[in-house]
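Written out below as structure tokens is the structure these notes cover.
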2 protein chains.
Amino acid sequence: MKAILFDLDETIIHDDAVGDAAYLAAASLAAPLGADPARLAHDAEAVAERLWAAGPYFEYSNRIGHSATEGLWAGYAYGDHPAIAGLRAWTKPFRTQIWAEALALQGIAAEPALPEAMAARFFAARRHYPLYPEIEGLLAHLKAQGYLLGIVTNGVPDLQREKIAGCSVSPLFDAAIVSGEIDCGKPAPGIFAHICRELGVAPAECVMVGDNPARDVAGAIAARMKSVWVQRNNRIPSDRYPASLSCTDLSAMIPWLTSLSS
Amino acid sequence: MKAILFDLDETIIHDDAVGDAAYLAAASLAAPLGADPARLAHDAEAVAERLWAAGPYFEYSNRIGHSATEGLWAGYAYGDHPAIAGLRAWTKPFRTQIWAEALALQGIAAEPALPEAMAARFFAARRHYPLYPEIEGLLAHLKAQGYLLGIVTNGVPDLQREKIAGCSVSPLFDAAIVSGEIDCGKPAPGIFAHICRELGVAPAECVMVGDNPARDVAGAIAARMKSVWVQRNNRIPSDRYPASLSCTDLSAMIPWLTSLSS
């Protein structure tokens, strides 16, 4: 093996947990009005999912892998596809509407300034990129062993680039590609071919590592790469896309890679 | 409330997971000789626990809260207590012996250089201090709300100071105390009185946050502080030391603190 390719969200960095905390931080602004912050956070997320699925950019977002919760804090600052500019405009009212609806569900009448403040609180509170605990040690080990390291991530360009830049291990990577930059998301073969070209390696020389069986493992299988599936957030293992290695902690890759090369 | 006090290991930063990865990284050095790295890692840890408990510094280490696995990577660079210098000398052969014994358990005859290389690999691979995912957002929130922030941690001085310095959120804290610096560990009241003096607050104005019921919560109760217990690594909740708030994600503190102040 020459190169190890990583998915980003929930493989290298936490995503759901930081989103949950941001919903809660925003919801706590309504506590003085008698709101139940935990219920408010839950309802706002449910409303976001519903509006997102009914909106005009759902098909595009599904294709590149961009979620309702990401729509609450993406900058949409650049990207060639016209949907990027479309999302920039569409998410403006979306970000306050989810809080207005969640407050209404609890029968709380609030000035328009409150949902706006809650949207702003979410937008600020979500900008953290904590690593999974084994990542720093694992990447240092792989780097010392001479592997090339890559990131293959689905999402809109500026948000994924911000996460990569913010997560403190980006200097260890030799290349990174975001689905929204080439309008081609995992599991489609194009994005895997792209990273191979950038790294100058063949698919058979790569291991793809990720938490999503249908995106990361299925994509690796189709691209004829070895694959590592890591179980995060108690996700149920997939029978349909069997990985070369399955684990709950990516440190298990260390002896596994040793056994591959001996 | 004026001040929020945090335990360090398994409350702010991951400890066990990084230790597990370091055992595995060291064990993988013996894979070319036919060793099973996962079993080797497990056996080395078990041998470490046994030798540690039979050694001359077990009582001291228990009192200040210093573990066998920490004995594999502490520098013992400073500290007034004579046990610190004692541990510096005692851990030198200890660090290689655990690997020699674990190799012997698999019937692997190795040159003395191998256990030494494994000890060195552990020593280097263990030096990561990954944050729990909610910590950065939580501390930023608490800081913005005007709370004083403190760390109350058990352990030997230089190791705990290294972890604090290495974990990237240390600039947010107003004070930190390590049990080994005052020869008094949680749950003893002295260490809680010490941090109150440093921060200029009364115990009734403090919340103590930690994962260990018998050290963090019991200590807070005895010191007449409010307490938050966070469940990490599926630790079983304690009936004996009931916390003011129990949670699996410290983001739950955000609405809880709001409710306390309203």
For A:I13, residues with placed amide H under 5 Å, excluding near neighbours: A:Y132
In vacuo Debye sum over C-alpha of chain A, base-10 log of normalised intensity I(q)/I(0) at q = 0.10, 0.15 Å⁻¹, listed in q order, is -0.53, -1.05
If I model a spin label as a point 7 Å beyond the Cα along the Cα-Cβ vector, how far apart are those points for B:I108 and B:Q231 in nm? 3.7
Can you tell me which lysines have their Cα less than 23 Å from the Cα of A:K186? Leave out same-chain residues fewer than eight positions away. A:K2, A:K163, A:K226
Show which aspartates and glutamates lie in cross-link reach of A:K92 when reach means a straight Cα distance below 14 angstrom and same-chain residues fewer than eight apart are skipped. A:E70, A:E116
For segment A:146-259, state the average projected area of the convex hull of the C-alpha atoms over all orientations, rounded to one decimal in nm². 7.2
Place a point 7 Å from Cα of B:D239 in the direction of its Cβ. Which residues in segment B:183-220 have their backbone N less than 18 Å from it? B:213-214, B:218
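Where the convex hull is taken over the Cα atoms of the protein assembly as shown, what is its projected area averaged over directions, in nm²?
Details: hull surface 101.2 nm².
Convex hull of Cα atoms, orientation-averaged projection: 25.3 nm².
Given a Förster radius of 56 Å and the C-beta distance between B:D183 and B:S259 as r, what FRET efficiency does 1/(1 + (r/R0)^6) yield to the nearest 0.05?
Values: r = 38 Å, r/R0 = 0.68.
My answer for the efficiency is 0.90.
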Which listed residue (A:L172, A:L105, A:P115) has the Cα farthest towards the positive end of the charge dipole for chain A, taking +1 on Lys and Arg C-beta and -1 on Asp and Glu C-beta about the Cα centre? A:L172
Go through A:T153, A:T96 and list them by solvent-accessible area, largest first, probe radius 1.4 Å. A:T96, A:T153
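What is the ratio of the Cα radius of gyration of segment A:193-262 to 2.2 N^0.38 Å, where N is its residue count, to two decimals? If you can, show how the numbers build up before the last one.
Values: Rg = 12.2 Å, N = 70, 2.2 N^0.38 = 11.1 Å.
It is 1.10.
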Shortest first and in nm with one decimal, please list how far the B:R235 label point sits from its counterparts in the other copies (point 7 Å along Cα→Cβ). 2.9
Separation in nanometres of the label points that stand 7 Å from Cα toward Cβ, at B:R39 and B:A89: 3.8
homo-copy label distances at A:G75 (7 angstrom along Cα-Cβ), nm, one dp, ascending, are 3.7
Each residue of segment A:26-41 in turn: what ³J(HN,Hα) in whole Hz from Karplus with 6.51, -1.76, 1.60 and θ = phi - 60°, glycine and Pro shown as x? 5, 5, 5, 5, 9, 4, x, 8, x, 6, 8, x, 5, 5, 4, 4
Among A:I195, B:A38, A:H14 the positive-end extreme of the charge dipole of the protein assembly as shown (Cβ point charges): A:I195
Along the Cα→Cβ direction, 7 angstrom out, place labels at A:S246 and B:R224. What is the inter-label distance in nm? 5.5
HN-Hα J in Hz across segment A:100-111 - Karplus 6.51, -1.76, 1.60, θ = phi - 60°, x for Gly and Pro: 4, 5, 5, 5, 4, 4, 9, x, 9, 8, 10, 4
Kindly write out, for segment A:143-151 in residue order, the coupling ³J(HN,Hα) from the Karplus curve 6.51 cos²θ - 1.76 cosθ + 1.60 (θ = phi - 60°), rounded to whole Hz, with x marking Gly and Pro. 4, 5, 7, x, 6, 6, 10, x, 10
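With a cap of 13 neighbouring Cβ atoms within 10 Å, and only residues DSSP puts in a loop, list the GluC sites (Glu not before Pro) found in segment A:101-169. Mind dumping the intermediate values first?
On the way: sites: A:E101, A:E116, A:E134, A:E136, A:E162; in loops: A:E134.
Filter output for segment A:101-169: empty list.
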Nearest 5 percent is fine: what portion of the DSSP beta bridges confined to chain A is antiparallel? 5
Interchain or long-range residues, amide H under 5 Å from B:M208's placed H: B:L5, B:K226, B:S227, B:V228
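Regarding segment A:67-218, what is the average projected area of its C-alpha convex hull, in nm²? The partial results should precede the final answer.
Working: hull surface 43.7 nm².
Here the figure is 10.9 nm², rounded to one decimal.
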Of all DSSP beta bridges having both residues in the protein assembly as shown, the percent classed as antiparallel (nearest 5) is 5
Cleavage-rule hits (trypsin sites (Lys or Arg not before Pro)) in segment A:191-262: DSSP loop, at most 13 neighbouring Cβ within 10 angstrom: A:R224, A:R235, A:R240
Can you give me the three principal axis dimensions of segment A:16-125 from its C-alpha atoms, in Å, biggest first? 44, 24, 20
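The values are calculated or read from the model by the stated rules, or taken from the named source; none is laboratory data. Please read these numbers as outputs of a predicted model, since none were measured by experiment. A quick note on method: Cβ atoms are made from the backbone with ideal geometry, for glycine too, and the neighbour counts reach across all protein chains shown. Only protein heavy atoms, including side chains, enter the accessible area calculation; ligands, DNA and RNA are left aside. Shrake-Rupley method; radii C 1.70, N 1.55, O 1.52, S 1.80 Å.
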